[in-house]
Amino acid sequence: MMEHSELATRAFVDVHAIQEELEQLRWGLHDDGEAAEHAAAEARASVLNLITVVGNETRLRVVTRVLDRLSITNPSRTLILLAQHDRDSPKLEAEVSAQTRTETGHRVTTERVILHAHGEVATHLGSLVTPLLVPDLPVILWWPGRPDFDNPLFDSLCELADRLVVDTDEGFDNAHLERLLGVARRDEARASIGDFNWARLIAWRQIAAQFFDMPGMLPRLAQIHGVTIHHGIDGSLTQAKLLGGWIRSRMASVNIEVPVELRPDESHEHGVGRMLIVTGGEGGVARFSISRLQGARLCAEIRIGDQDFASRTVRQAARSAEELLAIELLLSGHDVLFERALAAALQ
Amino acid sequence: MAQAVTTLTENVLREGLILPRTPDPAVMVIFGASGDLTARKLMPALYNLALNRYLPSGFSVVGVADTAISEDEFRSRVADAVNKFSRSQPVDRAVWQSLAEGLIYLRMPFGDQEGYRRLSALLQQLDHDRGTNGNRVFYLATLPQFFPVIVEQLGSSGIAHAGDGWKRVVVEKPFGHDLQSAKALNQAIHAVFTESQVYRIDHYLGKETVQNVMVFRFANGIFEPIWNRRYVDHVQITVAEDIGIERRGKYYETAGALRDIFQNHLLQLLSIAAMEPPPNFDADTVRDEKVKVLKSIHAIDVDNDVVRGQYSPGWVAGQPVPGYRQEANVSETSNTETYVAVRLKIDNWRWADTTFYLRTGKRLPSRASEIAIQFKNAPHQPFARTAIQGLTPNVLVMRIQPHEGASLKIAAKIPGPVMRLRTVNMDFFYGSSFLIESPDAYERLVLDCMLGDPTLFAREDEVERAWALVDGIEQAWATQTPNFPNYAAGNWGPEAADALIERDGRRWRRP
């Protein structure tokens, strides 16, 4: 049974006042009796600072819901920047609050600051963010939607962040993917990058790897002929490109070049529908396939020559935004495999 | 495109994935397949491993029991059990179906030679049909008296050594009843399997929380330098249960708290708390260090260092509960202990003269497992005597269950113009950082066994050393009749247990 309570919400504009309010909430010194009781009941754990940038109120509501659910696994200081630099009438407002969630006898608490800025100040929010971060904890920048790569705010936040998390499923074309890779490969102050789409492919990558863990199958990997990736027909190819980039980059690490073909599949609207790896080897051509089935499942099959060799069905539940974000938050440092897969996807 | 054939020495696709290695396709033969353990723990663990993609294609289960049921009935029973006991709900029918395709029931008495011939043929057929390549896990989930019978038959029928592939045997607790029976069982098993093939389960070691104690000690540089006789005053290890013996009266009458908890769980916690840092996390390296602790325990003076107890009727959590002698399948004159407290020392450079107090009991006021390290007082207090009244030494507590985490008791100044100090607790709950569901201990252990990693399983010498300690206590007890019952349910054990620690000028913690 989960309970959720909000300890306090107050509006401020002065950074020192915001800092003071956060300290009050954090250490249970608040003059609000209930807030103090909750906050003082136990010492608190924080694992990270999370900065999120949104461009409108609708996105703010969505992001707030995701972060509420995320707080169950990641007690953090959360800064949500509602940055609307293209709106007239300069404005800067801050809301400070703390949320406590209780589940199975455990309690986690997050502090949240929502900074709402119009006009020029919206591009300089980075200067307000720095003093509000909890020291010594990693800083994650989650940019829902496609980042505005040319906005100075993007650059200033990337310099603060240890990790930038995006979802390349949200309208990234090759030019955007190039810019994203550029963030990870900057000479200075480079953030590592994470991508929800990469996390969505974990099951596909695991099963593909497990094929060749089976006894006698590893030599076939060295004799890989090619890979075909079937994708949905809605025109979004990023997932398929990433999966193809992954297998190409992995095989390139042992100097094996793999032709990858992307093919539309009318039985799926979106995402990867099927991956087929064809290899040579003893006993004839082998076909290793992973197919997405109805009801969030994957079917893995091996066929050698004209014989069915093995088959199994496993779960591939669609992951929610907070689950994908939680996966990204557990990673630290550069995800070299992802960066190589992304580079290979762009070739 | 023609390209030169490269020889791969490792699976390059595996790099970076959370699962380090997929077990080889194998057949798990569960002896005692119609029993409680299979239904409540094993099959739900296997289902969850399958669900989370930890099991390989071709993985198969042969359930062996002497219960008159058809294969369909067996599958249906197992499906019901998974539905009821799986930690992830609802059960995914397609995943279950995929696992159930490799699920077979074989009815046979455990000592029946003809049955083993049928089992052998069935295993060969599975190797052919499902590509399991002779890899086997023999899981002994039966009553202990069948362990030697099954192992002997696995040897004489040739199943234990047939063909290629690895063969491993998993033996459930209790592993023996005393040192002699444990040695006899080890001997019987070693007549067929080598030690590296034997996986003795103590499910406590599969708990995330117990593994966390090792992480706490060896991944944080600040604790190890003070983890010794110079700074530690004494250590208290508690495994307290508020429940009684539930439906286990028949078993408990032959076991008691000493065999049921002290021999395995308490001594495991002691080993982990007191062991030297292992140079690596290899199975034998870790177990070598744990065994060294057991070997270093100073001879226990049972009359002075051990207290046993048995509960009488009382109140627990606001409910009246019966005494032990009133429980089902328990003798009205039973002298089986439901509580034991042991005071011991470890003879090595790290711990010489440091006392360890271990206790476990049933029907205690609350459920708690913890390791508490009580540090010595600061060597000199510059504050006035009145300022430090009531101040207690630092205590570091590692809580195993419930509310897994750690707390450190420290002194702090009470705000105000006068210098007065008080003790405060710094608490850390793992739950406030990771509200992530932990896998069941059996999932971890079954997977480790299939991957050939015995780190979290008890080794022969570890088990025998633990039994030797228990035997010493049992032999001394056998010469005296205890005055049972000697504590009321809902209390922290007999008065003699308080006296045991108070003689040293200390007190039991209230966990």
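Where a number appears in this text, it was derived from the coordinates with a stated rule and is not lab data. Not measured: the values here are computed from a predicted model. All Cβ positions, glycine included, derive from the backbone under ideal geometry; neighbour counts span all protein chains shown.
All distinct Cα pairs of segment B:324-370 go into the 1/r average, and the inverse of that average, the Kirkwood radius, is 13.5 Å. For segment B:334-403, just say rounded, prolate or oblate: build the C-alpha gyration tensor, square-root its eigenvalues into a ≥ b ≥ c, call rounded for a/c under 1.5, and beyond that prolate if a/b exceeds b/c, oblate if not. Here segment B:334-403 falls in the prolate category. If you wrap the tightest convex hull around every Cα atom of segment B:105-154 and split its volume per residue, you get 81 Å³. Note that segment B:155-257 shows a convex hull volume over its alpha carbon atoms of 210 Å³ per residue. Annotation note: GluC sites (Glu not before Pro) in segment B:321-426 located in DSSP loop regions with a Cβ neighbour count of at most 13 within 10 Å are B:E332. Relative contact order, whole percent, for chain A stands at 14, derived from Cα pairs under 8 Å and 6 or more residues apart. If you bin all the Cα-Cα distances of chain B at 20 Å, starting from zero, the percentages per bin are 20, 51, 25, 4, 0. Contact order, relative form, for chain B: 16 percent (alpha carbon pairs under 8 Å, 6 or more residues apart, mean separation divided by residue count).
The C-alpha radius of gyration of segment A:130-250, expressed as a fraction of 2.2 N^0.38 Å, stands at 1.30. What the Cα convex hull of segment A:80-171 gives, in volume per residue, is 127 Å³. Adding -39500 (n - 2.57) for every DSSP H run of four residues or longer, then dividing by how many residues the protein assembly as shown holds, sets the calculated 222 nm ellipticity at -9500 deg cm²/dmol.
Once you have the Kirkwood Rh of the protein assembly as shown from its Cα pairs, apply Stokes-Einstein at 4 °C and 1.567 mPa s and quote D in µm²/s. Diffusion coefficient, whole number: 42 µm²/s. Give me the log10 of I(q) over I(0) for segment B:215-280 at q = 0.14, 0.17 Å⁻¹, as the Debye formula computes it from C-alpha points; what are the numbers? Log10 of I(q)/I(0), two decimals: -0.60, -0.75. Just so you know, the Cα atoms of segment B:12-64 work out to an Rg and Dmax of 13.2, 42 Å. Taking GluC sites (Glu not before Pro) across segment B:73-115, none is in a DSSP loop with at most 11 further Cβ atoms lying within 10 angstrom of its Cβ. Here the relative contact order of segment B:225-343, from alpha carbon pairs under 8 Å that lie six or more residues apart, stands at 30 percent. Taking 20 Å as the limit for the C-alpha separation, the pairs B:K376/B:K409; B:K345/B:K376; B:K183/B:K362; B:K173/B:K207; B:K41/B:K183; B:K84/B:K362 exceed it in the case of B:K183/B:K362; B:K41/B:K183; B:K84/B:K362. Rounded, prolate or oblate, given the Cα gyration tensor of segment B:1-134, with a/c below 1.5 counting as rounded? In terms of gyration-tensor shape, oblate. Overall, the anisotropy analysis places segment B:378-499 in the oblate class: the square-rooted eigenvalues a ≥ b ≥ c of its C-alpha gyration tensor yield a/c not less than 1.5, with a/b not exceeding b/c. Listed by chain and number, the aspartates and glutamates placed with their C-alpha closer than 17 angstrom to that of B:K167 are B:D24, B:D127, B:E152, B:E195, B:D448, B:D453; residues fewer than eight positions away on the same chain are left out.
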